[in-house]
Amino acid sequence: MDSDILNTEKTVMEVDVVEYTRGAINMQENIGLPGLKMYEDQNREFINYGLKCLGLDRDDVVLGEAGDNAIIVLDDVEVAHTLAQLIHQATDEYNQSRSIESAKRYFRMGAATGDLLIEKSERRIIGTVITRAVRLETAAEKGQLVIDVRTFQKLSPELQKSYSEEQVIKSKNGEHYRAH
C-alpha cells in the first residue's frame, strides 16, 4: 500500500451548528459577506477551543469543513467524548452573555468508529463510518453528542454512564443505526 495511504480504525465526529442557515442569512443580509465570515470564524473558534485544550492541531484532525460543519478524525473515542464536552462548554459560556436567542450558538454532534482509508496528501477520507457519523449528528438535539454502538463500547464504563440506553436511529434514507 502506498505510504501516503493509511487504512486504519478511527473515530469520526461530525460537528454541526444548529440553525446555521438562519444565522448565516441574518449576518449576510445585515452586515454583508464580512459579517458572514465573522459568523463562520466564530463557529470555528468553538471547535478550535476544544482542540487546543486537548493539544490537537486542527490541520491534523479536521479533514472536512463547510460553513456550518466539520468532520474531525480522531484516534481515541474518549478524546471525541471530551472534545464534544469542551465545545459545548465553550458555547455555554458564550451563550450566557447573549440575551437574544438568535445570537446564541449550539452544536449537535455525531460520532462513529470504524475503518477509514486516509489519503494524507489529498486530505481525503473514505469510508462508510463518515456517513454513520453524519446520520447520527442529524439525530442529535442541540448540545448533544450521539455515538454509535462501536464508539460506546470503546468508552470507559465511567464515560458510558454519560449516555442513554441503546436506541435505534432511523436516517432519512431508511437506514437504521444503533446508537447512544
Sum -39500 (n - 2.57) across every DSSP H segment of at least 4 residues in the chain, then divide by the residue count to get the 222 nm mean residue ellipticity, nearest 500. -13500 deg cm²/dmol
Average accessible area per residue (Å²) across the chain - probe 1.4 Å, nucleic acids and ligands excluded: 55
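Determine the share of the chain's accessible area contributed by carbon and sulfur atoms, expressed in whole percent, with a 1.4 angstrom probe.
The C+S portion of the solvent-accessible surface of the chain is 47 percent.
Roughly what % of Cα-Cα distances in the chain sit above 31 Å, to the whole percent? Let's see the in-between values first.
Details: 2643 of 16110 pairs.
Summing the P(r) tail past 31 Å for the chain gives 16 percent.
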What does the net charge come to around residue 142 if you take all other residues with beta carbon closer than 12 Å to its beta carbon, with K and R at +1 and D and E at -1? -3
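Which pairs, out of 120/142; 37/170; 52/142; 104/154, put more than 30 Å between their alpha-carbon atoms? Intermediate values should be presented prior to the final figure.
Values: 120/142 32 Å; 37/170 34 Å; 52/142 23 Å; 104/154 33 Å.
Among 120/142; 37/170; 52/142; 104/154, the Cα-Cα distance tops 30 Å for 120/142; 37/170; 104/154.
Any idea what the dipole of the stretch 2-142 comes to, in debye rounded to 20, about its Cα centre with Lys/Arg Cβ at +1 and Asp/Glu Cβ at -1? Don't skip to the answer; put the middle values down first.
Values: 16 positive and 26 negative charges, 92 e Å.
Approximately 440 debye in magnitude.
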Leading residue at positive end of dipole, the chain (Cβ point charges), from 69, 11, 53: 69
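The values are calculated or read from the model by the stated rules, or taken from the named source; none is laboratory data. These numbers were taken from a predicted model, which means no experiment stands behind them. Glycine also receives a Cβ, built like all others from the backbone with ideal geometry; neighbour counts cover every protein chain displayed. The area values use the complete protein model at the heavy-atom level, side chains included, leaving out ligands, DNA and RNA. Shrake-Rupley method; radii C 1.70, N 1.55, O 1.52, S 1.80 Å.
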